[in-house]
There are 2 protein chains.
Amino acid sequence: MSILVVGSVALDTVETPFDRAEEILGGAASYFSTAASLYNQVNLVAVVGSDFPREHLDFWRSRPVNLVGLQIQEGKTFRWTARYHLDMNARDTLDTQLGVYAGFHPVIPPEYRQSPLLFLANIQPELQMEVLEQVPYPRLTVLDTMELWIMTARPQLTEVIKRVDVLLMSEEEVRQYTSQGSIVAGVRQLLDIGLKFVIVKQGSYGALLFGANGTYFSAPSYPLEEVVDPTGAGDAFAGGFLGYLSTVQPGSDGHYAIEDIKCAVVHGNILGSFVCEDFSIRRLKTLTMDDVAARYQKLVDCSHFDPNWHSVQNVRVQ
Amino acid sequence: MSILVVGSVALDTVETPFDRAEEILGGAASYFSTAASLYNQVNLVAVVGSDFPREHLDFWRSRPVNLVGLQIQEGKTFRWTARYHLDMNARDTLDTQLGVYAGFHPVIPPEYRQSPLLFLANIQPELQMEVLEQVPYPRLTVLDTMELWIMTARPQLTEVIKRVDVLLMSEEEVRQYTSQGSIVAGVRQLLDIGLKFVIVKQGSYGALLFGANGTYFSAPSYPLEEVVDPTGAGDAFAGGFLGYLSTVQPGSDGHYAIEDIKCAVVHGNILGSFVCEDFSIRRLKTLTMDDVAARYQKLVDCSHFDPNWHSVQNVRVQ
């Protein structure tokens with residue numbers, strides 16, 4: 001069961017309080033493809049310039065990443081420069097050079113159109129809508145976005161939200177889009193648009209899953225000793241989430257069991273935690289499913305507690 | 001099994017983005033006593049002025065809160081004024097009037113000295129040490145502190161930390177005290193001082209438990225639709241934590257089972273969540289153990305997930 005992703009492939013320069021890396025592979029689709037291809041085939045749609053290093057293409061060719069939809073155009077690859085704060089849940093974008101990405105329009109190759117799972121990574125809502133026009137009926141579509149589109153392309157973003165199943169947002173993005181101070185109230189407003197699920201990304205605090213059916217699930221974060229670079233954590237999360245779902249069967253009604261959705265969120269957290277352990281996709285490149293399984297077990301151990309509490313004394317029940 | 005608490009009782013004026021309350025009951029020991037007295041007897045040591053409203057004393061007398069150690073001195077009760085940010089995980093203190101608290105020295109009545117559980121709420125480390133001199137061997141001592149003492153009384157605070165079992169700190173306090181950017185590294189440094197457990201309070205994100213024995217537990221937060229006033233959440237957390245432990249038996253070695261410690265953290269989260277639902281101790285006053293049990297079940301439901309994930313396809317194990 002393959003997964004289609006449309007998003008950016010970029011060359012990043014990232015500065016953290018402790019280290020710096022230049023011209024490393026970045027972009028949401030890069031992180032997503034590398035993470036999700038641990039589980040299943042990924043069909044990648046993106047654009048890069050003629051300066052894009054061949055080594056990255058070679059790596060993806062060594063994985064089940066289909067590059068037929070990757071446009072290589074004369075010009076410069078999209079470049080992004082950012083600096084993280086000491087609390088690496090926050091960062092500033094220092095520079096953005098669109099390059100060939102400025103004229104990008106996604107073209108979904110015919111062989112990609114049967115992918116039942118679709119990730120609309122963080123690109124302009126207009127381009128996300130162009131994707132939905134080309135693949136109108138995926139089984140499950142996950143949407144990511146960012147503050148820029150909430151501020152500058154809100155109506156278009158809302159049209160896209162109406163057509164997808166799962167929305168990924170940070171807490172800040174929920175507040176910005178809904179103007180609600182309360183995340184719970186903001187998420188309810190989002191679900192009312194017609195989403196099946198909203199996943200609130202909380203950076204180092206894990207993730208919250210809210211379902212239109214009333215589901216609420218709080219997935220623990222994995223406590224990292226050292227965060228080298230959190231870039232791409234949200235995209236790797238999406239990769240783990242859809243990657244895991246690509247390995248399970250939905251019910252006869254076409255819907256995934258809620259327990260599978262929860263497991264998928266945990267897989268998302270796991271891939272998101274691994275990506276932070278090094279710059280770019282370096283840690284994801286060496287990651288194995290055994291590593292994922294070991295971290296899954298650790299998350300079970302650190303988040304489950306006695307479902308029935310026992311008191312030896314009579315507790316005052318008023 | 002009674003619980004001894006030494007800390008502040010105050011009259012607060014609190015402004016949130018949505019509401020404001022003046023001269024309401026506040027102070028760490030107030031929140032703690034009200035929360036913990038849901039589980040067991042609380043022995044309170046604090047000081048108030050002659051202006052302290054009698055209704056608060058009457059309320060505590062209606063609960064198992066022993067007021068023998070509450071000093072009532074001629075003068076003004078401690079007053080604290082604060083304003084919360086839109087993200088209510090952050091606040092600014094606008095004014096502090098010490099009143100009779102300026103000359104406070106804790107005196108532990110003889111009948112309190114057999115309390116096996118001790119909460120040293122957030123007061124000057126010198127005063128916390130005076131308490132430890134008077135009750136040298138409680139079974140379990142929990143310590144709270146704040147940025148002010150980390151900055152101005154660090155050596156004294158360190159001496160207190162050396163003599164307690166459990167330390168409560170926010171993430172920011174861990175970073176300030178240890179100068180570590182990584183919470184995991186900072187907590188390790190704290191455990192090296194000799195603590196059995198460090199509990200990292202994460203506000204609306206829940207709490208993390210780290211044990212010297214390698215225990216790691218991530219307790220989920222309860223997602224509140226509306227946070228009216230987060231003041232006292234950390235103290236109510238301590239009240240739920242020690243309150244729950246007061247109802248279970250430690251092992252023959254005098255140590256609590258780790259499963260009980262985890263349950264206690266969950267009870268802490270629950271009491272911390274309830275206190276945010278209204279100003280002051282208003283919500284805690286009407287809270288019943290049935291309410292706590294219902295929220296406990298909700299936290300089980302929202303944080304547990306399949307301990308064994310199942311994939312119908314062969315996942316690539318590299």
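The values are calculated or read from the model by the stated rules, or taken from the named source; none is laboratory data. Fair warning: this is a prediction, and the values are worked out from it, not measured in the lab. Neighbour counts run over all protein chains shown; Cβ positions are idealised from the backbone, glycine included. Just the protein is used for accessible areas: all its heavy atoms, side chains included, with ligands, DNA and RNA removed. Shrake-Rupley method; radii C 1.70, N 1.55, O 1.52, S 1.80 Å.
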Centroid-to-centroid separation of the range A:123-170 and the range A:197-217 [C-alpha atoms, Å]: 18
Linear extension gain, residue A:126 paired with residue A:139, 0.36 nm per residue minus alpha-carbon span: 2.6 nm
The range A:224-240 and the range B:1-73: distance between their alpha carbon centers, rounded to Å: 44
About the Cα centre, charge dipole magnitude for chain B (Lys/Arg +1, Asp/Glu -1 at Cβ), debye: 620
Value of [θ]222 nm, deg cm²/dmol, for the protein assembly as shown, DSSP H segments ≥ 4, -39500 (n - 2.57) each, nearest 500: -10000 deg cm²/dmol
FRET efficiency for residue B:146 and residue A:107, using Cβ-Cβ distance with R0 set to 56 Å, rounded to 0.05: 0.45
For residue A:289, inter-copy label distances in nm, listed shortest first [label point 7 Å out on the Cα-Cβ vector]: 4.8
Amide proton proximity set for residue A:257, modelled H, under 5 Å, gap of 5+: A:251
Inter-copy label distances at residue B:94 (7 Å, Cα→Cβ; nm, one decimal): 4.0
Shape call, the range B:147-290: gyration tensor on alpha carbons, a/c limit 1.5: oblate
5 angstrom amide H check on residue A:170, placed H, neighbours 5+ away: A:201
The range B:137-146 - phi-based ³J(HN,Hα) in whole Hz, Karplus 6.51/-1.76/1.60, Gly and Pro as x: 10, x, 5, 9, 10, 10, 10, 10, 8, 8
Exercise: per-residue mean of other protein chain Cβ atoms within 10 Å, B:33-42: 1
Peptide B:245-257 - average C-beta neighbours from other chains (10 Å radius): 2
Cα gyration tensor category, rounded, prolate or oblate, for the range B:12-107 with a/c compared to 1.5: oblate
Label point 7 Å beyond Cα of residue A:71 along Cβ direction - residues of the range A:117-153 with amide nitrogen under 19 Å: A:119-136
Highest-fluctuation residue, B:66, B:213, B:269 considered, GNM on chain B with Cα pairs under 10 Å: B:213
Average other protein chain Cβ within 10 Å of Cβ, residues B:218-231: 4
The range A:236-279: relative contact order in percent, alpha carbon pairs under 8 Å with at least 6 residues between: 57
The range B:191-259 - charge dipole about Cα centre, Lys and Arg +1 at Cβ, Asp and Glu -1, debye rounded to 20: 200
Estimated buried accessible area (total), pair A and B, 1.4 Å, Å² to nearest 100: 5400
Interchain or long-range residues, amide H under 5 Å from residue B:23's placed H: B:12, B:13, B:14
Residue of chain B nearest the B-to-A rotation axis [by Cβ], rounded angstrom distance: B:205, 2
Efficiency of FRET between residue B:253 and residue A:304 - r from beta-carbon atoms, R0 30 angstrom, step 0.05: 0.75
Inter-copy spacing of residue B:67 label points, which lie 7 Å from Cα along Cα→Cβ, given in nm from shortest upward: 7.7
Within a Gaussian network of chain A (alpha carbon springs, distance under 10 Å), most fluctuating of A:182, A:37, A:204: A:182
Highest-MSF residue in chain B out of B:282, B:61, B:139 [GNM, Cα springs under 10 Å]: B:61
Greater than 19 Å apart at Cα, pairs in B:162/B:196; B:162/B:262; A:262/A:298: B:162/B:262
With at most 14 neighbouring Cβ atoms within 10 Å, loop GluC sites (Glu not before Pro) (DSSP) excluded, longest segment of chain A: A:75-224
In Å², nearest 10: area of residue A:95 left accessible to a 1.4 Å probe: 60
Residue B:18 paired with residue B:89, simple spin-label distance in nm, labels 7 Å along Cα-to-beta-carbon: 1.8
Karplus (6.51, -1.76, 1.60) ³J(HN,Hα), θ = phi - 60°, over the range B:190-197, in Hz, Gly and Pro reported as x: 5, 4, 5, 5, x, 5, 7, 9
Ranked order, A:146, B:129 - accessible area, probe 1.4 Å, largest first: A:146, B:129
